[in-house]
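Heads up: the structure comes next, in structure tokens.
The values are calculated or read from the model by the stated rules, or taken from the named source; none is laboratory data. Here the structure is a predicted model, which is why all the values come from computation and not from measurement. Heads up, the Cβs are rebuilt from the backbone with ideal geometry, glycines too, and the neighbour counts pull from every protein chain shown.
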Amino acid sequence: MKTFKLKSLEIMKHEADDIVQDEISLLDGLIINREDAKNRWLIELYTDQSYLDFFKSLYEADEEIIVQGKITKETNQPATFIASVIAVNEISDNMNVLLMGKIVDRQKNKIDEILTLLVNEGYEGEELLRKFKDAT
């Protein structure tokens, strides 16, 4: 396994015929390449509890989401993952969130083009994620 410092994290979601990126304000975070047979990555973020309801709803929905994280340095290009929230834990006034997912091996511009095309074709929700996986 290889562990990397998570410098920033954005959640990408569909809103009114567009893809919106919500940046999550991090106190700390890690990305771990599990190097397992399924090529999964574990993303751990530590943040304040203002995101508690948001992440709990993602956990309860048990759906995959698209996340982009900058690894090691803010100046690095973001890595894109298709992931699911697997745990949400309250820690005093803060919380940690664990996501498990797979890295998407594409450049950011290509990802934005694919997502915009799929949204313009009318895909949303789970169907959008399935089509995005097929296209990448």
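Worth a mention:
- Residue ID - farthest from THR72 (Cα to Cα), chosen from residues in region 1-34 that are of a type in the set (D, E, K, R) and modelled with pLDDT of 85 or more: ASP22
- Helices (runs of 4 or more DSSP H) fully within region 23-136 counting 3 or more residues that are touching a Gly at 6+ places or on another chain (Cβ under 7 Å) and surrounded by 13 or more Cβ atoms within 10 Å (Cβ to Cβ): none
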